[in-house]
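Read the structure below first, then the notes.
The values are calculated or read from the model by the stated rules, or taken from the named source; none is laboratory data. Because the structure is predicted, anything quoted here is derived from the model rather than measured. Please note: Cβ atoms are built from the backbone with ideal geometry, for glycine as well, and neighbour counts cover all protein chains shown. In case anyone asks, the SASA skips ligands and DNA or RNA and just uses the protein heavy atoms, side chains included. Shrake-Rupley method; radii C 1.70, N 1.55, O 1.52, S 1.80 Å.
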Amino acid sequence: MPATPSSPPRGPTRLVVLVSGSGTNLQALLDAAADPAYGVQVVAVGADRPGIEGLARAERAGVPTFVHRVADFPDRGSWDEALAASCAAYEPELVVLAGFMKLVGPAFLEEFGGRCVNTHPALSPSFPGMRGPADALEYGVKVTGATLFVVDPGVDTGAIVAQTAVPVEDDDDVETLHERIKTAERAMLVDTVGRMAREGFAVVGRKVRIGRPVA
Ligand code: GAR
């Protein structure tokens, strides 16, 4: 009788998450990953600064952490190399920047280009940079949201994996608007990263497709 063809058993997708602040997006991923059916293991959390709640969340979850401050390196290139090396040591299949407030550089992209995603609190290509919610509010848009994209050398310019929209209310300030965005952003991040992990994904030019290519 011929052997039945089968794939070798596959473990959860290994994820490194990089943070700079409160880490609520990281927490959403950690919570989702507690269920084996989600298909993801957060193998390490890295940061560009010590003492942040994002790192504390990782420690409480028993996930190893590392910190590289730009100020501790002679130049930006050596910081970027150290960041790439520390991530690579955990052999991730996917790297998620979740509120990571630094641009990664050439060494990092050489290692993780095409398998590193970032979440941004605006609907790209509008309002790139560090002030997405504030810029949207100042512009007066009625709808904004969050964008998950594949990291490239630009500022929030990479191919879009997913977007979610939220209304801007008349009495919003930056804080209320950003909190509304973050609620939608966390749901988008958890849903999309889980599907990327379980179903695979392909980046072709500016198009990102999750799952098997349609024939
Ligand atoms: C998120 O809204 C994320 O999109 C934003 O920082 C917040 C982090 O929240 N990132 C940027 O603005 C990057 N340009 P968290 O630390 O609670 O996950």
Quick one: how many Å² of S22 are accessible to a 1.4 Å probe, rounded to 10?
50
Count charges around G140 for me, please; just the other residues with Cβ under 12 Å from its Cβ, Lys/Arg as +1, Asp/Glu as -1.
-3
Before I look further, what does the chain give for accessible area per residue, probe 1.4 Å, in whole square angstrom?
51
Fraction of accessible area attributable to carbon and sulfur, the chain (%, probe 1.4 Å)
55
If I histogram all Cα-Cα distances within the chain using bins 5 Å wide from 0, what percent of pairs lands in each bin?
1, 7, 15, 18, 19, 17, 11, 6, 3, 1, 1, 0, 0, 0, 0
Using only DSSP helix segments of four residues or longer, with each worth -39500 (n - 2.57), what per-residue ellipticity at 222 nm results for the chain after dividing by its residue count and rounding to 500?
-10500 deg cm²/dmol
Name the residue, out of I181, I160, I52, whose mean-square fluctuation peaks in a Gaussian network model built on the chain with Cα pairs under 10 Å.
I52
Along region 106-114, what does the Karplus equation 6.51 cos²θ - 1.76 cosθ + 1.60 (θ = phi - 60°) give for ³J(HN,Hα), rounded to whole Hz, x for Gly and Pro?
x, 5, 5, 6, 4, 7, 10, x, x
Given a Förster distance of 35 Å, report the FRET efficiency between R206 and E175 from their Cβ-Cβ distance, rounded to the nearest 0.05.
0.60
Assuming 0.36 nm per residue, please report the length gained on full extension of the stretch T157 to D31 beyond their Cα-Cα distance.
42.5 nm
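DSSP beta bridges in the chain, what fraction antiparallel, as a percent rounded to 5?
Numbers: 15 of 33 bridges.
So the antiparallel bridges amount to about 45 percent of the total.
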So E53 and R131, fully extended at 0.36 nm per residue minus their Cα-Cα distance, gain in nm 26.0 nm
V204 accessible area, nearest 10 Å², 1.4 Å probe?
100
With point charges of +1 on the Cβ of Lys and Arg and -1 on the Cβ of Asp and Glu, referenced to the Cα centre of region 1-128, which listed residue (L26, P50, H68) lies farthest in the positive direction of the dipole?
L26
Using only C-alpha positions, report the orientation-averaged shadow area of the convex hull of region 1-110, nm², one decimal.
8.5
